[in-house]
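Below is one structure, written out as structure tokens; the observations come after it.
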């Protein structure tokens, strides 16, 4: 599964989930640049870095990413038990919040 979002500053973020469904990964491309984070000429276009781990014993069922009206970028991750966790990045920042429980299921 994959999700993408275009941040307010024009940076394209691409998220994916690993085959064990325990970790979400991220890569990005800054505006006006051809290179992706982690890319190496002749080897790979992009590289991913670990972005969010599911809590122990849980697996990731779905991901999405959206930009809010205020320009903040939000990443949401639904787990196999229905809980939703999230991280967010403030408009104009390169720092991300810690992974937090957004809404427990039930």
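No lab work stands behind these numbers, since they all come straight from the coordinates. Keep in mind the model is a prediction, meaning the values are calculated, not measured. Positions of Cβ are generated from backbone atoms using ideal geometry, with glycine treated the same way; all protein chains shown enter the neighbour counts.
With only the Cα atoms considered, the chain has a convex hull volume of 97 Å³ per residue.
Distance between the C-alpha centres of the range 5-29 and the range 64-102: 11 Å, rounded to the whole angstrom. Legend: calculated FRET efficiency, residue 41 to residue 70, from the Cβ-Cβ distance at R0 = 35 Å, rounded to 0.05, equals 0.40.
Working from Cα pairs under 8 Å separated by at least six residues, relative contact order for the range 2-103 is 21 percent.
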